[in-house]
1. Determine which single condition residue C:314 fails, assuming it passes every other condition in (1) surrounded by fewer than 23 Cβ atoms within 10 Å (Cβ to Cβ); (2) within 19 Å of the chain's Cα centre (by Cα); (3) within 15 Å of residue C:289 (Cβ to Cβ).
2. What's the number of the condition residue C:183 fails, among (1) away from chain B (no Cβ under 14 Å); (2) open to solvent by less than 20 Å² (accessible area, probe 1.4 Å); (3) touching a Leu at 6+ places or on another chain (Cβ under 8 Å)?
3. Report, by residue number, each residue of the stretch C:74-114 that is touching a residue at least 60 places away in the same chain (Cβ under 8 Å), within 14 Å of another protein chain (Cβ to nearest Cβ) and among the aromatic types (Phe, Trp, Tyr).
4. Would you list the strands (runs of 3 or more DSSP E) that sit entirely within the stretch C:1-73 and hold 2 or more residues that are among the small types (Gly, Ala, Ser), open to solvent by 60 Å² or more (accessible area, probe 1.4 Å) and within 14 Å of another protein chain (Cβ to nearest Cβ)?
5. From the set of residues in the stretch A:72-84 that are more than 7 Å from ligand 1 (Cβ to nearest atom) and open to solvent by 40 Å² or more (accessible area, probe 1.4 Å), which is nearest to the other protein chains (Cβ to nearest Cβ)?
6. Go through (1) in contact with a strand residue (DSSP E or B) (Cβ under 7 Å, 6 or more places away or on another chain); (2) open to solvent by 20 Å² or more (accessible area, probe 1.4 Å); (3) at pLDDT 95 or above one by one and return the number of the condition residue A:97 breaks.
7. Considering only the stretch A:50-71, I want to know if a residue exists there that is assigned to a strand (DSSP E or B), more than 9 Å from ligand 2 (Cβ to nearest atom), away from every other protein chain (no Cβ under 14 Å) and open to solvent by less than 60 Å² (accessible area, probe 1.4 Å).
8. Return the residues of the stretch B:35-94 that are farther than 29 Å from residue C:31 by Cα and of a type in the set (Val, Ile, Thr); say none if nothing qualifies.
Amino acid sequence: MGKEEKKIIFKSVNDLPPMAMSLGTMWVNKTASWRNLRPIIDYDKCIDCMICWKYCPEPAIYLRDPDERVAIDYDYCKGCLICVEECPVDAIYTEEEGK
Amino acid sequence: MIEIRFHGRGGQGTVVASKILADALTREGKFIQAFPEFGVERRGAPVAAFARISDTKIWPRHKIYEPDHIVILDPTLIGAVPLLDGLKPGGWILVNTTKKPSQLGFPKEFKVATVDATHIALKYRLGSAASPIVNTAMVGAFARVIPVVKLETLLDAIEEGVPIKPKENRAAAEEAYNSVIMEG
Amino acid sequence: MKRMAIVGNHALSYGALLSRVQVIAAYPITPQTQVVELLSEMCADGTLKAEFVKVESEHSAMAAVMGASASGARAFTATSSQGLALMHEVLHWVTGARLPVVMGNINRAFGPPWSIWTEQTDSLSQRDTGWMQIYAQDNQEVLDSVILAYKVSEQVLLPTMVVLDAFFLSHTSEPVEIPDQEMVDEFLPPYENKYILNPDDPHAFGGLTNPEWYMELRYKIHKAHEEALQLIEKEGREFEKLFGRYYGLVDPYRVDDADTILVAVSTAASTARYAVDLLRERGKKVGLLRIRVFRPFPYERVKEILSGAKKVIVLDRNLSPGAGGIIASEVRGALANVKNHPPVFSYIMGLGGRDITTKNIMELFEEVEKMEEGKDIIWKGVKI
Ligand code: SF4
Ligand code: SF4
């Protein structure tokens, strides 16, 4: 599925749909903007237990192609670092954003 | 507009009687409102139902306090509840009883009709021996005493409207129509 | 067309059947139960091809029809009194989500003390949920109003409540013309809404909205109500062309030369019409204004009709404790900006199903005849 950026600009009430819709869809609004620490998976340590996938409060951890190992979707990862906390083998480390 | 009040006991089919009447009059293109005394119904407790009948649209929507006629489905109600309250002089009192009209001792200003609907209901095995359902017999008698609807229309409404024993209910209504005794 | 004697509850069921509703979710409550019984029978025997969702409360019933409507289905429910109160939160949701759900509400007084009898406080206390509200005075109007409600609701994307009195309509059998399905189909096209849940075009609905835009969305709801004012009368005329019966926002009767006009809703208005005829026979210049649509409130119509009267009586079978009659406050509001407007006499009566008789209504006119200055609240029949 493609996730092309949709720009929605409202100037007046007449541009609005009847209810609040698309004003804040995840499709459009990538929620990663507030992340300041970036979790990174060390695949040499990772044992593929998928605990991080289970605990991630956003749907930000997925199985990547083609090796089906866990990967982080940085469009949506909000940097809560629950995955870092929960990983049983400390396979996820962090780096500061913007460095 | 004619206003009628029905008196019976919970379980005798008093409300269904007024509904059958509503169905029959509707078939003839007339106007009717049929409604129960609104409350919590209990088996054996005195209940009332009402009907307004007219050739044109009916506007008043409240209980009937001054009926033109009353119909008593259960003779044991006589003396137990104020049946004649508000009944207009010259109105009919139709009673399910084995007695003749003159034996009931109602005031002279009213006309009285009687029919042994219990006997008829038992004959056609409507309800049980302990609590026969007399409503169809009573509306049959009603159609004779207060001729607001053709017997044939009423019988069709009964046959198509009752949940069980349509033929028997039809026959009961017809027999009551033919056997009602009217005085006044 | 078939003419049948049916109770008001079944008139609601037939209205839903003929509107070809696709999803019904409801929870039984006296005096509404028959509505749901007949609809579930219709679904079971295939007369009505709809999904019947059994739920464990009215809150869930409204949530289920909301979901159904949001996914593009024509949805229906019915309730009464405490059940309606339990739906309250979701009623707001349905309006905010702009879903054209139609429901029946049988007016029943709130407990405690427990009551199963009629008064309008249950539906009127949902006044500010943004639902349109139609008050019927006979069983034919109940059936017809369901069809009309879908027609208008689906154009303006607002929900509608069709309201009827407990027992005086809900349990009263009377002749009702059941329109032919083909004619209803001609009048009411299938439900279409471009703002529905659609996996091929995903959107978030009703998400957090900043102060910057929330007010605009509320403004749009109000504008939709204003649009509905026009549409209700327009569709009423379309309906009349097909079925021969007209329903508008209000139902004035003998008001043209009336000195005193009584304002009422529901079956009390039906009785009042009879009372007006009796008083006219005695030479009294009296008239009746039945409010049929309470939301959107027909301020313009009310002003037009009442401005010319010398006195206005409002009969409220409801109570907003601490304020008084709910219809009366709307009527006073409508007249406030009219120069030299007539005095308003606000009567509270018939609460908890106490009978409102023809005689009672004639008494209102007789009492007001002797009064000069309007009264904010007059209690009729309270044993003081
Ligand atoms: S940091 Fe939080 S949001 Fe990002 S992947 Fe880890 S658990 Fe998910
Ligand atoms: S929790 Fe750690 S070890 Fe388990 S899958 Fe995630 S990164 Fe790999």
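1. Of (1) surrounded by fewer than 23 Cβ atoms within 10 Å (Cβ to Cβ); (2) within 19 Å of the chain's Cα centre (by Cα); (3) within 15 Å of residue C:289 (Cβ to Cβ), only one is false for residue C:314: (1).
2. The single condition residue C:183 does not satisfy is (2).
3. Within the stretch C:74-114, C:93 is the sole residue that qualifies.
4. Strands (runs of 3 or more DSSP E) meeting the threshold: none at all.
5. A:75
6. Of the numbered conditions (1) in contact with a strand residue (DSSP E or B) (Cβ under 7 Å, 6 or more places away or on another chain); (2) open to solvent by 20 Å² or more (accessible area, probe 1.4 Å); (3) at pLDDT 95 or above, the odd one out for residue A:97 is (3).
7. Checking the stretch A:50-71: at least one residue is assigned to a strand (DSSP E or B), more than 9 Å from ligand 2 (Cβ to nearest atom), away from every other protein chain (no Cβ under 14 Å) and open to solvent by less than 60 Å² (accessible area, probe 1.4 Å).
8. Answer for the stretch B:35-94, where residues must be farther than 29 Å from residue C:31 by Cα and of a type in the set (Val, Ile, Thr): B:76, B:78, B:93.
The values are calculated or read from the model by the stated rules, or taken from the named source; none is laboratory data. Since this is a predicted model, take the numbers as computed values, not measurements. Here Cβ is always computed from backbone atoms with ideal geometry, including for glycine, and neighbour counts include all displayed protein chains. For accessibility, only protein heavy atoms count, side chains too; no ligands or nucleic acids. Shrake-Rupley method; radii C 1.70, N 1.55, O 1.52, S 1.80 Å.
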